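Any read-out appearing in this document is the output of simple, stated calculations on the displayed coordinates, not a laboratory observation. Bear in mind that the values here come from a model prediction, so they are computed numbers and not experimental data. Quick reminder, even Gly has a Cβ in these numbers, built from the backbone with ideal geometry, and neighbours come from all protein chains shown.
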């Protein structure tokens, strides 16, 4: 119950309070997340592989939450008989006016049915029972809100029993002083 209340609070306040834009080292964010998740990484024998990521502009606490949720999900929804393997890679995309980073978070876990690619972004949507996997059904919903708030996007891909992939697209530079 506490998890649901905390999730609702985080979800409802995400649009209310603006955050100042700062220069963010994505490498530092990922390293901090690895420290935060050290226990589950060690318990499961997880392997995290990542490119050297560039700096972006945004709200550090929100960007941390976005990638924490995605990496934690990759670890949580792993196969019981196989250590989780999480690969973070990126591309830089340029349009006429701005540059974006497209970051892929790909795992070898239980996967995702193509019918659920959009459904999982609905608040409180759970594809598995709480007996199987703990959580409140808000993790990737919050990720989408954070990405949108930064002028970006997120999408889900994958195949059942093969793995999931989340692609987060964010501008390298923000247009304002707050997000």
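Give, in nm to one decimal, the length gained when the segment between residue 32 and residue 89 is fully stretched (0.36 nm per residue of separation minus the Cα-Cα distance). Don't jump to the answer; show the numbers that get you there.
Working: separation 57, 0.36 × 57 = 20.52 nm, distance 1.74 nm.
That works out to 18.8 nm of additional length.
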Gain on full stretching of the segment that runs from residue 118 to residue 61 - 0.36 nm per residue minus C-alpha separation: 18.0 nm
Quick check on packing: order 91-104, 70-83 by the mean number of other C-beta atoms within 10 Å, highest mean leading. 70-83, 91-104
